[in-house]
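Engineer: Okay, handing you the structure first.
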Amino acid sequence: MPHQGEILQEVIKNSGISITHLVEELGITRPTIYRKFKDASLDYNFVKRIGEIIGHDFSQDFTTLQQVDLSLSVTPVSKPVTVTPDTPVAMRNTVSLPADADSLKQLMTLQQKYIALLEDYNGLLLKVYGPK
């Protein structure tokens, strides 16, 4: 039984959309997409974005067990924190992201750009210092 990466690769191949076009749209590098093809489980938003680009609904391609692995859960803050004057407060920075799809899409875009940047940096290090 093929895993999620293999299924993704086969659907992309059958779509007729080139890998070059796909990675440009996603903002990632070719090595990144080929690594994704080797992954047994993939991030839901990544698969959804590819589906949007190639015009394919992946919901029927993955088994129920694979779809459970494909989920991304965001836990919203359930209740506000109330601070009273006599309550000691430890200062710390927290970020609360809304659980809407637009924010998740922005987060995934940033993550993909960060990964691409890291890959470029690693490539540069290899050019400058060579392999270990």
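Each reported figure results from applying straightforward, stated rules to the coordinates on display, with no laboratory input. This one's a predicted model, so the numbers in the text were calculated from it and none came from an experiment. Methodologically, a virtual Cβ is constructed for each residue, glycine included, from the backbone with ideal geometry; neighbour enumeration extends over all protein chains shown.
Engineer: Specify which residue in the list F58, I33, F46 is farthest towards the positive end of the charge dipole of the stretch 13-59, using unit charges on the beta carbon of Lys, Arg (+1) and Asp, Glu (-1), about the Cα centre.
Structural biologist: I33
Engineer: Let me spell out the model: positive unit charges on the Cβ of Lys and Arg, negative unit charges on the Cβ of Asp and Glu, origin at the Cα centre of the stretch 1-51. What dipole size does that give, in debye rounded to 20?
Structural biologist: Dipole about the Cα centre, nearest 20: 60 debye.
Engineer: May I ask which of K48/K127; K36/K105; K13/K127 have a Cα-Cα span longer than 30 Å here?
Structural biologist: Exceeds cut-off: K48/K127; K13/K127.
Engineer: What shape does the stretch 1-51 have by the C-alpha gyration tensor, where a ≥ b ≥ c are the square roots of the eigenvalues, rounded means a/c under 1.5, and otherwise prolate means a/b greater than b/c and oblate the rest?
Structural biologist: Prolate.
Engineer: May I ask you to evaluate 6.51 cos²θ - 1.76 cosθ + 1.60, the Karplus curve with θ = phi - 60°, for each residue of the stretch 104-109 and list the ³J(HN,Hα) values in order in whole Hz, giving x for glycine and proline?
Structural biologist: Per residue, the Karplus-derived 3J(HN,Hα) values read 5, 5, 5, 5, 5, 4 Hz.
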